[in-house]
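Colleague: Quick one: structure below, then a few questions.
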Ligand SMILES: NC(=O)c1ccc[n+]([C@@H]2O[C@H](COP(=O)([O-])OP(=O)(O)OC[C@H]3O[C@@H](n4cnc5c(N)ncnc54)[C@H](OP(=O)(O)O)[C@@H]3O)[C@@H](O)[C@H]2O)c1
């Protein structure tokens with residue numbers, strides 16, 4: 001059955017692959033974007049997740065286009081890497097605002113209708129970095145680890161209403177976010193990935209769609225690594 005799916009940051013990278021995957025499956029997909037819109041085949045709504053008004057407006061817009069959001073994929077994320085001695089409060093806060101508070105805002109805006117209709121799926125994009133840490137990524141790792149506590153609390157709050165809340169933790173995936181990695185760092189990470197390669201955005205999209213499916217109905221509060229085994233066991 002077709003569902004209404006909202007993906008934050010769905011104009012490129014992993015978010016766009018997720019949007020295409022759901023759309024191919026026949027779902028009604030809306031992808032939010034902050035700067036440039038997604039390709040023409042995907043419906044885009046402008047929304048900066050750091051702005052509460054834009055988030056609630058985006059969710060209302062989806063509702064008037066396609067009905068209540070049934071699947072929320074909170075994917076929008078940034079990095080702003082610095083060693084702690086050089087990291088300003090602002091640089092720490094900006095990453096938290098986008099990755100963690102932005103997800104909280106999207107989830108809050110979508111949860112009312114999900115609870116009312118007694119069905120919903122939320123999937124948050126974390127990262128294996130949230131569990132094993134990385135030098136220069138204190139802000140990013142803290143935000144991604146925080147998503148697990150957020151998801152598990154919402155799993156408790158909304159479980160009785162038929163809403164599941166899960167986390168996907170990608171490893172190293174080929175997107176703009178990782179394009180600037182120093183080749184030595186990339187090779188080191190691929191070297192500790194048992195499957196021996198970087199992942200693709202599609203690898204992540206398949207896992208997200210599974211968690212959004214009816215078949216995943218008894219899975220909530222889970223963290224699913226999609227990492228080729230990188231950092232397994234953390
Ligand atoms: N690539 C990896 O190796 C990897 C690994 C683990 C986890 N992840 C996570 O997976 C998610 C997607 O990553 P990606 O690699 O696809 O990154 P990406 O190519 O850099 O894309 C990031 C997306 O987030 C959007 N975004 C950033 N700040 C936003 C804001 N304030 N409001 C709304 N949208 C915002 C961007 O929109 P604009 O185009 O408008 O900037 C873009 O759509 C992120 O949460 C990331 O942390 C990625």
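The values are calculated or read from the model by the stated rules, or taken from the named source; none is laboratory data. Treat the numbers as computed from the prediction; the structure is a model and nothing was measured. As a convention, Cβ positions derive from the backbone with ideal geometry for all residues, glycine included, and neighbour counts pool all protein chains shown.
Colleague: Looking at residue 158, is it surrounded by 14 or more Cβ atoms within 10 Å (Cβ to Cβ), more than 23 Å from residue 84 (Cβ to Cβ), modelled with pLDDT of 95 or more and touching a helix residue (DSSP H, G or I) at 6+ places or on another chain (Cβ under 8 Å)?
Modeller: Details: surrounded by 14 or more Cβ atoms within 10 Å (Cβ to Cβ): yes; more than 23 Å from residue 84 (Cβ to Cβ): yes; modelled with pLDDT of 95 or more: yes; touching a helix residue (DSSP H, G or I) at 6+ places or on another chain (Cβ under 8 Å): yes.
So residue 158 fits the description; yes.
Colleague: Among (1) in a strand (DSSP E or B); (2) over 20 Å from residue 221 (Cβ atoms); (3) touching a residue at least 60 places away in the same chain (Cβ under 8 Å), there is one condition residue 77 misses while meeting the rest; what is its number?
Modeller: (1)
Colleague: Give me the pairs, please: first residue somewhere in the stretch 198-212 and more than 14 Å from residue 127 (Cβ to Cβ), second residue anywhere and in a helix (DSSP H, G or I) and away from the ligand (no atom under 14 Å from the Cβ), beta-carbon distance under 6 Å, and either six or more positions apart or on two chains.
Modeller: Close Cβ pairs (under 6 Å, with a partner that is in a helix (DSSP H, G or I) and away from the ligand (no atom under 14 Å from the Cβ)) amount to 210/216.
Colleague: Another one. Looking for whichever is surrounded by 15 or more Cβ atoms within 10 Å (Cβ to Cβ) and more than 15 Å from residue 113 (Cβ to Cβ) here; the options are 58, 76. Which one fits?
Modeller: 76
A quick yes/no check of all residues on (1) near the ligand (Cβ under 8 Å from one of its atoms); (2) under 15 Å from the mean Cα position of the chain (by Cα); (3) under 21 Å from residue 175 (Cβ atoms):
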{"residue": "3", "(1), (2), (3)": "no, no, no"}
{"residue": "11", "(1), (2), (3)": "yes, yes, yes"}
{"residue": "26", "(1), (2), (3)": "no, no, no"}
{"residue": "35", "(1), (2), (3)": "yes, no, yes"}
{"residue": "68", "(1), (2), (3)": "no, no, no"}
{"residue": "71", "(1), (2), (3)": "no, yes, no"}
{"residue": "90", "(1), (2), (3)": "no, no, no"}
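Colleague: Considering each of 212, 222, 216, 205 in turn, give the residue that is modelled with pLDDT of 95 or more, over 18 Å from residue 175 (Cβ atoms) and surrounded by 20 or more Cβ atoms within 10 Å (Cβ to Cβ). Explain how you work it out, then say what you get.
Modeller: Details: 222 fails: surrounded by 20 or more Cβ atoms within 10 Å (Cβ to Cβ); 216 fails: surrounded by 20 or more Cβ atoms within 10 Å (Cβ to Cβ); 205 fails: over 18 Å from residue 175 (Cβ atoms).
Result: 212 is the single residue among 212, 222, 216, 205 that is modelled with pLDDT of 95 or more, over 18 Å from residue 175 (Cβ atoms) and surrounded by 20 or more Cβ atoms within 10 Å (Cβ to Cβ).
Colleague: Follow-up. Name the pairs whose Cβ atoms lie under 6 Å apart, with the first residue in the stretch 27-52 and without any contact (Cβ under 8 Å) to a residue 24 or more places away in the chain, the second assigned to a loop (DSSP other than H, G, I, E, B) and within 12 Å of the ligand (Cβ to nearest atom), and 6 or more positions between them or separate chains?
Modeller: From the stretch 27-52, the pairs are 48/34.
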